[in-house]
Amino acid sequence: MNNLTIKNNELLLRRYTELIRITPCGNNAIRFQSFPDCQVIDENYTLMPQSADAKIVEYDNYVTLTCGTLKAKVEPNGKLTFFANDKIILEEKPELTFNSNFRHFDNKGSGLWSARVTFEPNKNEHFFGLGHSWDNEFDLKGSSIDIRNVNAKCTIPYVYSSLGYGFLWNNPSTGLCELSNNRTRWSCDCCKFMDFIVMAGTPKEVCTTLADLTGYAPKMPQWATGFWQSRLRYETQEELLSVARKYKDLGIPLSAIIADYFHWTEQGDYKFDPKYWPNVKEMADELHEMNTKLIVSMWPTINGGSENYHYMRNNNMLMRTARGPDRVFDFYGWQGEIDVTNPATREYVWSKLKENYIDNGVDALWFDEAEPEIHPEHFDNLIWYKGRADMVGLLYPYYYSKMAYDGFKSIGRDDIITLTRCAYLGSQKFGSLVWSGDIESTFESLAHQVKAGLNMSMCGIPWWNTDIGGFYGADITSDYFKELIVRWFQFGLFSPVMRLHGSRNRHFEPTPGLKEPSGDPNEIWSFGDENFEILKNLIFIREKLRPYIQKQMDVASEKGYPVMRPMFFEFPDDEICYTLDSQYMFGDDIIFAPIVEQGQTVKNVYIPDGEWILTKDKKVYTKGTYEITANIDEFIAFVKSGSDVIKCFES
C-alpha cells in the first residue's frame, strides 16, 4: 500500500476521494477521521483525546491498528472494520456494487460537505443512548433518529451497543442516525470532515472511557440531592417566600425553590422586576436561613426593548441570519437570541447575571430554551461565532452551560449546578443538570420519561431529571392528575434530582397587568389531603436516601457511571436485562420499577442474580420474574441484600 503513512501511532491512508486518519484515542478506543478535501484539519470540538499505545501492522491488502482489545482494519478500497477481542463488532457497508463507495460526501461549497457512513446491521444488536426524546423507545434498534435539538428532545450523538462497544459521532452538525434492520448509518448535514470514535468494553468500562474523552461531572453540591420546588410561575417575591415559609412551618425539608421566567423586566435584561421583586437580597437571605437555595431562570431570547439589546447586537453577540431578519423566535413578539458560542457574549452575559442575580444571593441558574429553541428550525440560516448552525448546532447547550461554569469558577465557587433543557457531549463537566423539557402531564408521558432517562444515562450525562407531574395539560382538581402526581413523585424519588415543576391549568382569574401570569398552585399540599401525606412521606424518604445518592454522585464524578442505570449496566451478561425498559438500577444497590399506567397496582418485575429485599415488606427475592403489588401509597423498590441503604425504608 504505497499510499500509506505510519507515524507516531498514527495511520494515514491517502485515497483519490479522501485522506483517512486513524489514531488511538483512549482505553480500548480508536478514532477515525476522513477528510474529503484531503487535508488534515485538527479540530476536536468538545472531545478530549487521550494518549494510548497502539500497534500498527501493514499486510499486503490491508492495515490494522490495535489499541487494547479493539482493532481497526482498513482495506485499499477504504472499507473499515472494527474487531473487539478479534470478533467483528462494526463493519462498513458499501453503497455501490463491486464492494465500493464506503463513506459518502456531497460538496456544499466553501470547504463544507454533507457526509454519511454506513455499517452492516447486526440482527440481534441492541442500541442505547442518543440523549432523550419523547419517542417511547428504550432499545433504539429499528429506529431512525433526527440529530437535532428541540424542546423535549436532546440529541447526544453517542450509542452503546449490546455487542460491547460505544460509538461516538464527533460531528456537532444536525443530521440523522439510522439504526435500522438493513443498515446502521450516521449522517451529518454540514461538516468539514467526518469524525467518530469506537470504544470497546462492558457498559461500565465504556462509560469510563466516554468520561475520559468528554469529561467527568463535578462533585454535586450536597444541597442538590434533596427536594426542589417550582411552578410556572411565582409571580412575586412574597408569593415565593410564602411557599418556602409553609414548607418550613410544616417541617418539610426544602432544598431549593425556583423563580421561573418573566420575573424579569424584559427578555434579555437578566434581572428581577423591582415592582414584584423589591428586594432580592432580603429574599435570598431569608431562604438561606431556612436552608433553602434560590434558583433563577434565564432565557437566551432578547429584543429591542431590552437594555442590553443594542450593545450586544452592535458587538456581534447575537445570532445572525444568512437570509431574512435576525428574529428567530416569536414569544411576546419577535426575539433575537444570544450567541453563546462567542466568548465575548458569555463574558458579557455572565457579568449581568452576576451583578443582578449572584451578587444578590441567587445560588444557581436555570438555563431554559437551551437547544436553542428557534422557529422555524432552519439551522442552515443561522450564523454563529463558531460557524454555521447546521455545522455546529449541537454545541449551543455546551457553551450555554460553560458560561455559568466559567463564571462561577471566576468568583471562587465550586458548588456549581445549572439546570438546563439541553446538553451535548461534555456538558456534564460544567455541572449541567439536564431536564427533559416541556412534556405532557399524562401517564403515557411518564412511561416515555423512564426510557428517556435511561438512554440519556448511557451518554455520559449523569445529572438528569424531569418535571414531576409533567409540564403542561394538568388539571390539579382531577382524579387523573391526583393519581399521576403520586406515581410521578415516586419516579422523582428515584431520579438523580427530585424536582416538582409544571404549568397547571388555571382555575382562577389571572393577575391584572402581568405579561405572563401563573397557573394553578403546584405545591405538595395542592393535590388533596390524602396526596399531601403520601408526597410528604416520599420527601422524607428522599432525605434519608441523600447520603446514598451523594455516594452515587461521587461515583459519577470519579468513574463516569450514571446514577440512574439500565439493568444491563450492572448485569451485562444477562440478555433479559437489555429488554427491561420499565425498571432500572438506582445506583449500585437499588432496583426501582415505577408504576406508569393509570389504575395500575400490579407490575411484573425481573430480579437478576443475587438476593434482593422488597422495601415495603422486607421479603427476599432471588432471580426470576415476580408479580408485585403497589397500591397508590406504595412503590416497588428492591435493595441488594447486605446493603445498609435498606435502613432508609424503615418506618
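Shown here: segment 76-154, whose C-alpha atoms stretch 43, 42, 22 Å along the first, second and third principal axes, sorted largest to smallest. Each part gets one Cα centre, and for segment 241-271 versus segment 34-87 those centres are 52 Å apart.
Probe of 1.4 angstrom, ligands and nucleic acids ignored: what's the accessible area per residue over segment 153-194, in square angstrom? Intermediate values should be presented prior to the final figure.
Values: 800 Å² over 42 residues.
Result: 19 Å² of accessible area for each residue.
Taking trypsin sites (Lys or Arg not before Pro) across segment 225-317, the ones in a DSSP loop with at most 14 further Cβ atoms lying within 10 angstrom of their Cβ are 275.
Think of the chain as a dipole: +1 on every Lys or Arg Cβ, -1 on every Asp or Glu Cβ, centred on the Cα centre; then among 649, 545, 221, 221 lies furthest on the positive end.
With all pairs of separate Cα atoms included, segment 394-528 yields a Kirkwood hydrodynamic radius of 16.3 Å. Is segment 511-565 best put as rounded, prolate or oblate by its Cα gyration tensor, with a ≥ b ≥ c the root eigenvalues, rounded for a/c under 1.5, and otherwise prolate when a/b is larger than b/c, oblate when not? In terms of gyration-tensor shape, oblate.
Sorted largest first, the principal axis extents computed over the alpha-carbon atoms of segment 297-422 equal 42, 30, 24 Å. Sorting 38, 648 by solvent-accessible area of protein heavy atoms yields 38, 648, largest first, with a 1.4 Å probe. Bridges between two residues of segment 310-451, per DSSP, are antiparallel at a rate of about 55%. Inter-part distance, segment 329-362 to segment 388-466, computed on C-alpha centroids, equals 18 Å. If one computes P(r) from the Cα atoms of segment 128-177, what percent of pairs lie at distances over 17 Å? So the portion of pairs separated by more than 17 Å is 30 percent. Across the chain, the longest run free of exposed loop sites, meaning chymotrypsin sites (Phe, Trp or Tyr not before Pro) lying outside DSSP classes H, G, I, E and B with no more than 14 other Cβ atoms within 10 Å, spans 99-331.
With an 8 Å cut-off on Cα pairs and a minimum separation of 6 or more residues, tell me the relative contact order of the chain in percent. Over the chain, the number comes to 12 percent.
Working note: 222 nm ellipticity from helices only, DSSP H runs with n ≥ 4, each -39,500 (n - 2.57), summed and divided by the residues of the chain, gives -6500 deg cm²/dmol to the nearest 500. Scalar couplings 3J(HN,Hα) for segment 368-385, obtained by applying the Karplus form with A = 6.51, B = -1.76, C = 1.60 to θ = phi - 60°, are 7, 6, 7, 5, x, 7, 10, 9, x, 7, 9, 5, 5, 9, 9, 10, 10, 4 Hz; x denotes Gly and Pro.
Take the alpha carbon atoms of segment 587-634, find their center, do the same for segment 1-26, and report the distance between the two centers in whole angstrom. Segment 587-634 and segment 1-26 have Cα centres spaced 52 Å from each other. In the calculated pair-distance distribution of segment 147-280, the portion above 22 angstrom amounts to 63 percent of the Cα-Cα pairs. Around the amide H of residue 90, modelled in the peptide plane, lie the amide H atoms of 82, all under 5 Å away and 5 or more residues distant in sequence or on another chain. For residue 523, the solvent-accessible surface with a 1.4 Å probe is about 10 Å², rounded to the nearest 10.
Counting only Cβ charges, +1 for Lys and Arg and -1 for Asp and Glu, the dipole size of the chain around its Cα centre is about 1380 debye. Placing +1 on the Cβ of every Lys and Arg and -1 on the Cβ of every Asp and Glu, with nothing else charged, gives segment 1-129 a dipole about its Cα centre of roughly 60 debye. Distant-in-sequence amide contacts of residue 628, defined by a placed amide H-H separation under 5 Å and a gap of 5 or more residues or a different chain, comprise 603, 604, 605. The phi-based Karplus calculation (6.51 cos²θ - 1.76 cosθ + 1.60; θ = phi - 60°) puts the 3J(HN,Hα) values of segment 56-69 at 10, 10, 9, 10, 4, 10, 5, 9, 10, 10, 10, 10, x, 8 Hz, whole numbers, x for Gly and Pro. Of the residues 336, 253, 295, the one whose Cα sits farthest toward the positive end of the charge dipole of segment 241-354, with +1 on the Cβ of Lys and Arg and -1 on the Cβ of Asp and Glu, is 336.
Note on segment 529-651: Cα-Cα pairs beyond 18 Å make up 55% of the total pair count. Taken about its Cα centre, segment 510-639 carries a charge dipole of roughly 280 debye when the Cβ of each Lys and Arg holds +1 and the Cβ of each Asp and Glu holds -1.
Rounded to two decimal places and with Rh computed the Kirkwood way over Cα pairs, what is Rg over Rh for the chain?
Details: Rg = 25.2 Å, Rh = 25.8 Å.
That ratio equals 0.98.
In this simple spin-label model, placing a label point 7 Å from the Cα along the Cα-to-Cβ direction at both residue 515 and residue 275 gives a separation of 1.0 nm. Approximating the spin labels as points 7 Å out from Cα along Cα→Cβ, the residue 288-to-residue 315 distance works out to 2.9 nm. Full extension of the chain between residue 95 and residue 61 yields a length gain of 10.1 nm, computed as 0.36 nm times the residue separation minus the alpha carbon distance. The HN-Hα couplings worked out from phi for segment 210-223 by the Karplus form 6.51 cos²θ - 1.76 cosθ + 1.60 (θ = phi - 60°) are 4, 5, 4, 7, 10, x, 9, 5, x, 5, 5, x, 4, 4 Hz, whole numbers, x standing for Gly and Pro.
The values are calculated or read from the model by the stated rules, or taken from the named source; none is laboratory data. From a predicted model like this one, the values you see are computed outputs, not experimental measurements. Glycine gets a Cβ as well: all are built from the backbone with ideal geometry, and neighbour counts include every protein chain shown. The accessibility values were calculated without ligands, DNA or RNA, using every heavy atom of the protein model including side chains. Shrake-Rupley method; radii C 1.70, N 1.55, O 1.52, S 1.80 Å.
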